[in-house]
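Have a look at the structure below before the remarks.
The values are calculated or read from the model by the stated rules, or taken from the named source; none is laboratory data. The shown structure was predicted, so the numbers you read here are calculated from the model rather than taken from an experiment. Here the Cβ positions follow ideal geometry from the backbone for every residue, glycine too, while neighbour counts run over all protein chains shown. The area values use the complete protein model at the heavy-atom level, side chains included, leaving out ligands, DNA and RNA. Shrake-Rupley method; radii C 1.70, N 1.55, O 1.52, S 1.80 Å.
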Amino acid sequence: MKRFKVIISVMMAAFALCCLFVACNEDDGTVEPVVITASDESFVYENKTLLDYMNYLQGKNELAFTVNDGMVTSINGISNTSNSYWMLYTSDTDNANSDWGTYNDGGAIYGSATLGAAALVIKENCIYAWVYQTF
């Protein structure tokens, strides 16, 4: 019986360590980019901004974000910090500057957006990638 208790204790300890290891790996600081493709046929794109589209997606519970003083401060529960921010990249070459930085999404290269979400006029079928970066 004593040997059985030891085996159970060792198994429980091993299980606890595995859970701890998995939890640490999930919180390794890596945040998945939020890629928005402007392709919803029910949205009227004419004279609308990326922020308008994001509000539309938030209304459909497809995106959650906050804005403070015109700056996106959190997306899907991940907030900016003193040295980590949501940075915007786009496939819209008219509104991107690769000299300011690029984002590689599986071989597709997007340039840093030249305007914020509230000023950037959205273009149907363009891609807008929010990337959480630490400086």
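How about region 118-133: which of its residues are surrounded by fewer than 19 Cβ atoms within 10 Å (Cβ to Cβ) and either modelled with pLDDT under 95 or in contact with a helix residue (DSSP H, G or I) (Cβ under 6 Å, 6 or more places away or on another chain) (or both)?
To start, the set of residues in region 118-133 that are surrounded by fewer than 19 Cβ atoms within 10 Å (Cβ to Cβ) comprises 118-119, 121, 123-125, 127, 133.
Listed by number, the list holds a single entry, Ala118.
With the structure loaded, tell me whether Tyr85 is in contact with a Ser or Thr (Cβ under 7 Å, 6 or more places away or on another chain), on the phi < 0 side of the Ramachandran plot and in contact (Cβ under 8 Å) with a residue 12 or more places away in the chain or whether it fails that test. Answer is no for this residue. Residues in region 118-135 that are under 20 Å from Asn83 (Cα atoms) and either of a type in the set (A, V, I, L, M) or under 15 Å from the mean Cα position of the chain (by Cα) (or both): Ala129, Trp130, Val131, Tyr132, Gln133, Thr134.
Scanning region 85-117 for residues that are within 18 Å of the chain's Cα centre (by Cα), crowded, with 18+ Cβ neighbours inside 10 Å and not in a strand (DSSP E or B) yields Ser91, Ala117.
Step by step: first the residues of region 30-49, then only those that are among the hydroxyl-bearing types (Ser, Thr, Tyr) and in a loop (DSSP other than H, G, I, E, B), then the one that is least open to solvent (accessible area, probe 1.4 Å). Which residue is that?
Tyr45
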